[in-house]
1. Please report the net charge: other residues with Cβ closer than 10 Å to the Cβ of residue 228, K and R +1, D and E -1.
2. Any chance you could tell me what percent of the C-alpha pair distances in segment 100-179 go past 14 Å?
3. Using only the alpha carbons of segment 131-283, what is the convex hull's orientation-averaged projected area in square nanometres?
4. Toward the positive end of the charge dipole of the chain, about the Cα centre and with charges on Cβ (Lys, Arg +1; Asp, Glu -1), which of 33, 9, 119 goes farthest?
5. Residue by residue, what Karplus-based ³J(HN,Hα) values in Hz, rounded to whole numbers, does segment 197-204 have, using 6.51, -1.76 and 1.60 with θ = phi - 60° and x for Gly and Pro?
6. Roughly what % of Cα-Cα distances in segment 22-158 sit above 20 Å, to the whole percent?
7. For segment 1-80, what is the Kirkwood hydrodynamic radius in Å, using each pair of distinct C-alpha atoms?
8. Provide the net charge surrounding residue 246, with neighbours chosen by a C-beta distance below 12 Å and charges set as Lys +1, Arg +1, Asp -1, Glu -1.
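The values are calculated or read from the model by the stated rules, or taken from the named source; none is laboratory data. In this text, all values refer to a predicted model and were calculated from it rather than measured experimentally. All Cβ positions, glycine included, derive from the backbone under ideal geometry; neighbour counts span all protein chains shown. Heavy atoms of the whole protein, side chains included, go into the accessibility calculation; ligands, DNA and RNA do not. Shrake-Rupley method; radii C 1.70, N 1.55, O 1.52, S 1.80 Å.
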Amino acid sequence: MNKIGFNVLAWSAVVSDDLKPIIERLKTIGYDGVEFFVGSPEEKAYQEIGKFARQTGLETTTVFVLGPDENPIDPDAKVRGKALEKIKWTIDRSHDLGAKVICGPFHSAFSTFAQRSPTADEYNWSAEVLHQAGDHARQAGITLTPEALNRFECYLCNTMDQLIQLVKKVDHPNVKAMFDTHHANIEEKKLGEALRKVAPYLGHVHISENDRGTPGSGHVPWDDTFSTLAEIKFRGWLTIEGFTRNDPDFANSIGVWREFSQPWEMAENGYRFIKEMGEKHGL
């Protein structure tokens, strides 16, 4: 069966005790898991929150991004080396949390552009870094699922075609692909067709509305999405990723300038929406 998760970035990008009451309430709603952003440097907090989530009865997944000084597609091998070290550190912190899946656009640095189309060298550099990272992830029992982002946030992988090309180059059993309905709604012609293409490589799914608000409140083609997930027999996480301005530093870094939905409205109605769509389409 598929599991339903919620990304706590709707409240905070920092892993800390402040998340404990949120984790508890997500469990009461019915969620199977909680997704954390890995970025804050306090390593002990990851172990403590991971233990708390397990005690609460929730599984965990994680998400992270890379900056321009740790870019896997930088021409400088030293910068690519920093990227690998950051990914390994993230794998370790995710292991502390008890996560089995890491997602995010870590194929390249977030919001870092070259003012041109991606090159063959960049895909090769990214694949090399991700393959080495896959070896480290395998030791931790973790699957890496790089994410295609819209053209305004990255340029290496905007579509499933590009992401599939990269994952095939990586050629590692612990490196799969991720599908995010928000980004796909911008970049793909048809979400169902895109899901069919990526199906053999698909390891994680974000359920995100077109405006990053509550799933089901906007114009993402949800029937096409859920019917195709059932068709391809996807078995994995269906995790809601919605954003707010609760954490101003994080919100500013990703261009969130207004509230789309309140976090608990998003969590409660989003969970109900996924359950209803799953039942409707036999997922």
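1. Details: positive: 190, 196; negative: 193, 223, 224, 231.
Around residue 228, the surrounding residues sum to -2.
2. Values: 1791 of 3160 pairs.
Counting pairs separated by more than 14 Å, the tail of P(r) holds 57 percent.
3. Numbers: hull surface 37.4 nm².
Reported value for the Cα convex hull: 9.4 nm².
4. Checking the options against the dipole of the chain, the answer is 33.
5. 5, 7, 3, x, 10, 6, x, 6
6. Values: 4371 of 9316 pairs.
Of all Cα-Cα pairs in segment 22-158, 47 percent lie more than 20 Å apart.
7. Numbers: mean 1/r = 0.0721 Å⁻¹.
Result for segment 1-80 stands at 13.9 Å.
8. Details: positive: 245; negative: 18, 247, 249, 259.
Neighbourhood net charge equals -3.
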